[in-house]
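In what follows, a single structure is set out as structure tokens and then discussed.
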Amino acid sequence: MMKIPFVSFEVMHKEIEYKMLDAFKRVYDNNWFIQGKECEEFEKEFAAYCGADYCVGCGNGLDALYLILRAYGIGEGDEVIVPSNTYIATALAVSYTGAKPVFVEPFIETFNINPALIEDAVTDKTKAIMAVHLYGQPARMDEIKKVAEKYNLKLIEDSAQAHGATYKGVKTGNLGDAAGFSFYPGKNLGALGDGGAIVTSDRELADMCRALGNYGSDYKYHHIYKGNNSRLDEVQAAMLRVKLHELDKWNKRRNEIAKMYIDGIDNEKVITPVTEPDMTHVYHIFGIRCDRRDELEKYLNDKGIGTNKHYPIPMHMQGAYADLNIPEGAYPIAEEISRTELSIPMYYGMTDDEAGYVIDMINSWK
């Protein structure tokens with residue numbers, strides 16, 4: 001029996017160990033740990049990678065989304081449209097501003113928001129649409145953009161899981177007015193701790209986000225906003241600079257594993273994900289669906305295969321959002337995904353034999 005973890009950084013980090021240690025030594029010897037050259041250079045490099053003009057490093061992906069919303073003046077009494085199926089950080093960013101998240105159902109095949117349902121959710125309080133590129137596949141941005149333009153709404157990308165993914169040849173981070181990225185260690189581009197970034201081609205927005213994340217200060221001891229402390233530190237920025245050079249290679253390998261899964265999984269009880277035309281998926285998560293998900297998960301775990309569930313309780317049924325008074329059954333597609341989705345191993349360093357073992361075990365499950 002093979003032992004295959006849900007995720008492993010071992011091969012990835014072994015390959016770049018000397019570069020990472022050199023980068024750390026560079027920061028250590030420089031004796032400058034916040035708002036220095038490493039962060040400045042990473043911001044330039046990541047903005048260029050995404051095809052945008054500006055990048056602002058911050059503390060994490062949630063802060064990135066919150067700072068964007070705050071910089072756009074979204075707050076008490078406003079509404080922001082978010083998918084009903086996503087990680088709770090998407091909605092929390094809205095809640096932190098004092099605004100209300102309004103949920104819209106996804107396509108069950110791709111897990112991403114259904115643009116055809118967005119317009120019905122727009123009210124005179126709506127100020128923005130948060131399009132999540134869930135699991136590493138871009139949302140249908142052209143269709144979403146039409147709704148945003150029709151109602152003069154800001155279009156914000158939650159790109160926390162989609163570093164390097166493309167829609168019609170354009171990278172995430174350059175598909176809306178602004179984008180928030182997470183560099184949580186498990187992400188395709190992950191730091192060695194928390195980290196995040198805002199990416200945009202709007203100079204005014206970038207400057208305001210930078211000030212808001214630096215105690216509301218545009219220069220030292222001069223505070224123009226009631227800001228907070230959310231900055232990407234020099235150590236994490238240096239690590240991310242090393243990893244950014246490897247990202248396309250790592251994403252390519254994820255796609256090879258995904259192709260093995262899609263071509264190889266042949267069990268009528270299991271549904272594999274769909275990649276839409278004109279998109280490149282980067283498979284941060286490879287999520288299958290199964291009506292007997294919990295039984296399948298136990299079986300795979302017993303066979304030495306690590307799994308996860310993204311996400312077992314939909315946002316509208318979380319205690320955190322009990323105040324919205326949304327009953328069970330209100331968002332049946334999100335609830336169906338929460339009940340049936342199972343994430344199987346997907347990481348750079350996974351071998352063909354390991355992927356083959358996962359496939360064989362899924363196919364042999366009755």
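The values are calculated or read from the model by the stated rules, or taken from the named source; none is laboratory data. Just so it is clear, the structure is predicted and the values come from calculations on it, not from any experiment. No Cβ is skipped: glycine too gets one built from the backbone with ideal geometry, and neighbour counts run over all protein chains shown. Heads up: the accessible areas ignore ligands, DNA and RNA and are worked out on the full protein's heavy atoms, side chains in. Shrake-Rupley method; radii C 1.70, N 1.55, O 1.52, S 1.80 Å.
Worth pointing out:
- Taken over segment 87-99, the criterion of being open to solvent by 10 Å² or more (accessible area, probe 1.4 Å), touching a helix residue (DSSP H, G or I) at 6+ places or on another chain (Cβ under 7 Å) and not small (Gly, Ala, Ser) is satisfied by ILE88, LEU92, TYR96, THR97.
- Scanning segment 1-30 for residues that are of a type outside the set (A, V, I, L, M, F, W, C), more than 24 Å from the chain's Cα centre (by Cα) and over 18 Å from ASP233 (Cβ atoms) yields a count of 6.
- Some residue of segment 191-205 being modelled with pLDDT of 95 or more, open to solvent by 10 Å² or more (accessible area, probe 1.4 Å) and part of a strand (DSSP E or B): no
Results for (1) more than 21 Å from ASN85 (Cβ to Cβ); (2) charged (D, E, K, R), shown as yes or no for each residue.
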site: ASP291; (1), (2): no, yes
site: GLU297; (1), (2): no, yes
site: ASP323; (1), (2): no, yes
site: LEU342; (1), (2): no, no
site: TYR348; (1), (2): yes, no
site: ASP352; (1), (2): yes, yes
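- Test result for LEU62, in contact with a Gly (Cβ under 6 Å, 6 or more places away or on another chain), closer than 23 Å to GLN35 by Cα and outside any strand (DSSP E or B): no
- Of all residues in segment 65-86 being part of a loop (DSSP other than H, G, I, E, B) and of a type in the set (Asp, Glu), the one that is most open to solvent (accessible area, probe 1.4 Å): GLU76
- Candidates ALA128, ALA116, ALA148, filtered to the one that is part of a helix (DSSP H, G or I) and under 16 Å from ASP78 (Cα atoms): ALA148
- Residue in segment 19-29 that is within 24 Å of ILE257 (Cα to Cα) and at pLDDT 95 or above present: no
- The C-beta contact set for segment 206-230 (first residue on the phi > 0 side of the Ramachandran plot, second residue part of a loop (DSSP other than H, G, I, E, B) and among the hydrophobic types (A, V, I, L, M, F, W, C), distance under 7 angstrom, 6+ apart or interchain) comprises GLY216/ILE224.
- Taking (1) assigned to a loop (DSSP other than H, G, I, E, B); (2) hydrophobic (A, V, I, L, M, F, W, C); (3) out of contact with any Phe, Trp or Tyr (no Cβ under 6 Å at 6 or more places or on another chain) in turn, LEU342 satisfies each apart from (1).
- Top-ranked residue of segment 339-366 - restricted to ones that are out of contact with any helix residue (DSSP H, G or I) (no Cβ under 8 Å at 6 or more places or on another chain) and crowded, with 16+ Cβ neighbours inside 10 Å, ranked as nearest to GLU15 (Cα to Cα): GLU354
- Residues (open to solvent by 50 Å² or more (accessible area, probe 1.4 Å) and within 23 Å of ALA71 (Cα to Cα)) located in segment 145-170: LYS145, LYS146, GLU149, LYS150, TYR151, ASN152, LYS154
- Cβ-Cβ distances below 8 Å connect the following pairs, each with a first residue in segment 1-15 that is within 27 Å of ARG241 (Cα to Cα), a second residue that is aliphatic (A, V, I, L, M), and a separation of six or more residues or different chains: PHE6/ILE344; VAL7/MET346; SER8/MET350; HIS13/MET20.
- Subset tally (residues that are open to solvent by 10 Å² or more (accessible area, probe 1.4 Å) and either in contact with a Pro (Cβ under 9 Å, 6 or more places away or on another chain) or without any contact (Cβ under 8 Å) to a residue 12 or more places away in the chain (or both)) for segment 121-144: 4
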